[in-house]
Amino acid sequence: MKRIYYILPTIALALFATVLASCSSDDEAKTTATSTPVQFYGTFNGDEPAVATTRAYDDKWEVNDAIGITCSPYFNVKYTANTSGKSTQLSYSSGKEIMYDPKINVYTFMAYYPYTGNAFGDYEDLLIDMKAMRDAEHAKKYDFMYSFGIGRNGTPVSFKFDHIMTRVIFNFVDGENVKLMNHRWYLPNAIRLRGSFETYSGLCEADAKVRPGAEDTVGNITYPNVPDTLYFFPQTPKKSTLVLFNEKDLGDEDIIVQKYTMDLALPKFEAGKSIELTISVNDQRMQLKGITIQDWNRKNQGNINASDM
């Protein structure tokens, strides 16, 4: 399995070992009279789409959004957002609160979103539920984000979180002799929906050992002029046949359902990328009008944004 680390690939293999040694030379956290809690802040390093309804879509915190922070000997400590908005202070919630040890100057911190109560926070063998993807509260559970950085004793730490999934937007538009109403679309056996997210390294990928099968049918009930915004594990999709069923109003409350198909080869899904497909539904056929691929995360911002050294 090819392991591509999204941040600083040249040191990714040593990252975890560095973190294990960076916070304390002892096996347990030391709490002394001069130990102080670390103050954490979080911002999102992403764009703001026109269709913005929840944090998963507009890159804004919601109160009590939970993240996990690791800095040995503290593992997957839960912190939550104090306020809503683009940035927020993060408050200790559960686990062992992360403290600065007066004997240590430099620390390496890693953080991820959304929080899971597993010992190390990893998401393993996770299956994306396409049926629930339309629900914003459910969809944002798959908008995995990651950040790490270096901080000095006594200074606040500001994480800048990057998206590490691939965002894919399906935009169906009226074509020749076709007026889209409520329509259903399917793309079977093209995209692997099962994958994993290693929260200490930022590695997020589809399970390459499992071929796309019956459980990997992507699709939705879509309404006119409402693009489908979906999240997938990074991978190389397989060519498939896109199928769309559209309701056609004949008047006098008579409605028929018409079927359209087209072969579709999706581009490679890369971590932190946003892909938008515009598909024209014409009489008896569909046509790919364009594919736009851009950075989901803002360029030249980077993932390391802990407080100034």
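Where a number appears in this text, it was derived from the coordinates with a stated rule and is not lab data. This structure is a prediction, so every number in the text was calculated from the model and none was measured. Cβ coordinates were reconstructed from backbone atoms using ideal geometry, including for glycine residues, and neighbour counts include every protein chain displayed.
Loop-only trypsin sites (Lys or Arg not before Pro) in region 133-226, please: DSSP not H, G, I, E or B, and at most 16 other Cβ atoms within 10 Å.
The qualifying sites are Arg134, Lys179, Lys209.
So what's the gap between the Cα centers of region 64-135 and region 242-295, to the nearest angstrom?
Here the two parts' Cα centres lie 37 Å apart.
Rounded to the nearest 0.05, what FRET efficiency is calculated for Arg134 and Met181 with R0 set to 22 Å and r the Cβ-Cβ distance?
Numbers: r = 17 Å, r/R0 = 0.78.
Once rounded, the FRET efficiency stands at 0.80.
Grab the beta carbon distance between Asp263 and Asn82, set R0 = 41 Å, and tell me the FRET efficiency rounded to 0.05.
Values: r = 49 Å, r/R0 = 1.21.
With R0 = 41 Å, the Cβ-Cβ based efficiency is 0.25.
Only Cα pairs under 8 Å and at least 6 apart count here; give the relative contact order of region 85-175 as a rounded whole percent. Walk me through the numbers on the way to the answer.
Working: 74 pairs, mean separation 29.9, N = 91.
Relative contact order here is 33 percent.
Are any of the pairs Lys140/Lys209; Lys160/Lys209; Lys78/Lys268 more than 29 Å apart by Cα-Cα distance, and if so, which?
Working: Lys140/Lys209 26 Å; Lys160/Lys209 32 Å; Lys78/Lys268 34 Å.
Flagged as over cut-off: Lys160/Lys209; Lys78/Lys268.
In nm, what is the difference between 0.36 nm times the number of residues separating Asn105 and Gln284 and their Cα-Cα distance? Let's see the in-between values first.
On the way: separation 179, 0.36 × 179 = 64.44 nm, distance 6.73 nm.
Using 0.36 nm per residue and subtracting the Cα-Cα distance, I get 57.7 nm.
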